[in-house]
Amino acid sequence: MECEICGERAISSSLERCERHFIDYVHETVRQTISRWNLLQDGARVIVAVSGGKDSLTTLDILDRLGYSVTALFVDEGISGYSEHLFEDLTRFCKDRGISYKKIGFKQEFGFTQDEAVATGVYHPCTICGTLRRYLLNKHAAGYDALVTGHNLDDESQTIMINIFRANTRLFTRPGLASEPSRWFVRKIKPLYFLTEKQVLIYTLLTGIRTQSLKCPYMKAAYRASMREELNQYEASHPGTKRNIVETHSKIKSMFLSSSQKTDADIGECERCGQASNERLCKACQMQQTIRRAIGR
Ligand code: SF4
């Protein structure tokens, strides 16, 4: 198989690009995604939520190459045998590229680690991690033009299908390429939205982005793992499935939003932390209280 641009040997039969033109394709896809959907202005100051995995390091790498002012934000959940290795990958990457980074942690912010919270058994591990992580990212991204995440086409199609399978109409409007900023929430954008997990993986191999292939120890409990497997099987037998899912979602999301979107005036303030809340305490503060009580602190 030959590269469709220069005729050199293609990197695989399913990707008709040589190494150089594959890397160009990835950069161009991200550049076009940003420009077509007006995700960022030239020279924007962004903070990238970095797990230390391949998707987030690729996001940092590409935005840096495209000339944006990037800072990496690492949330240390305190997952033993996992978080510390991801942070090592991140610091090595940032030092090599001269990119600034910040680390925040569950222990420092909430007084307990993810491992300690999971041991109480009061919430599903991913509910704790997802709620508290989102809370910290929004809080620490204040003042930046956007909070950037490394979600790719696989992540997004999985999330959409999980919300449908769980009949979760409230969360159905959450995935998407970008969210609008408000008094309470920083703008969130996903520049890798139209790249598949496989394309991101190949990009990291070709550009020398080194990550350890670590899996979160709580992953096996995740509903997402089985959805990933199902969608990969569908994609293999029906190419384009994942893209169709995100495009269909984007079309019907606007109908949901017009009837359900809240304005700043509809949202109150958590009386404990001052972040957005529809109740006296926000979800993250309610969760912290329950976990601290269960731990006995
Ligand atoms: Fe957090 Fe691990 Fe669950 Fe992912 S799988 S949300 S890292 S606990």
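Readers should treat all values here as calculations from the given coordinates under stated rules, not as data from a laboratory. Keep in mind that this is a model prediction, so the values were computed, not measured. Neighbour counts are summed over all protein chains in view; Cβ atoms, including those assigned to glycine, are modelled from backbone coordinates with ideal geometry.
Charge dipole of segment 1-139 (Cα centre as origin; +1 on each Lys and Arg Cβ, -1 on each Asp and Glu Cβ, all else neutral): 500 debye, rounded to the nearest 20.
Measuring nothing but how far apart in sequence close Cα pairs (under 8 Å, 6+ apart) lie, relative to its length, segment 30-94 scores a relative contact order of 34 percent. For segment 146-270, the pair-distance distribution built from all alpha carbon pairs, in bins 5 Å wide starting at 0, is 2, 9, 16, 20, 20, 16, 9, 5, 3, 0 percent. The charge dipole of the chain, taken about the Cα centre with unit charges on the Cβ atoms of Lys, Arg (+1) and Asp, Glu (-1), comes to about 880 debye, rounded to the nearest 20. Sort out for me the Cα centre separation of segment 193-210 from segment 238-255, rounded to whole Å. When both Cα centres are located, 22 Å separates them.
Put a plus charge on the Cβ of each Lys and Arg, a minus charge on the Cβ of each Asp and Glu, and nothing anywhere else: the dipole of segment 82-180 about its Cα centre is then about 240 debye. Here the chain carries DSSP beta bridges of which approximately 25% are antiparallel, counting only pairs with both residues inside. Adding -39500 (n - 2.57) for every DSSP H run of four residues or longer, then dividing by how many residues the chain holds, sets the calculated 222 nm ellipticity at -15500 deg cm²/dmol. Global size of segment 1-147: 18.6, 59 Å for Rg and Dmax (C-alpha atoms, Rg to one decimal, Dmax whole). Look at the dipole of segment 34-120 built from charges on Cβ: of Val70, Asn38, Ser83, the Cα furthest out on the positive end belongs to Asn38. Viscosity 0.890 mPa s, temperature 25 °C: what is the translational diffusion coefficient of the chain from Stokes-Einstein with a Kirkwood Rh over Cα pairs, rounded to a whole number of µm²/s? Taking Rh from Cα pairs, D becomes 120 µm²/s. Segment Ala225..Ser14, full-extension length gain: 73.5 nm, with 0.36 nm per residue of separation and the alpha-carbon distance subtracted. Length gained on full extension, Glu84 to Glu269, computed as 0.36 nm times the residue gap minus the Cα-Cα distance: 63.2 nm.
A Gaussian network model of the chain, with springs between Cα atoms under 10 Å, assigns the largest mean-square fluctuation among Arg170, Arg92, Arg31 to Arg170.
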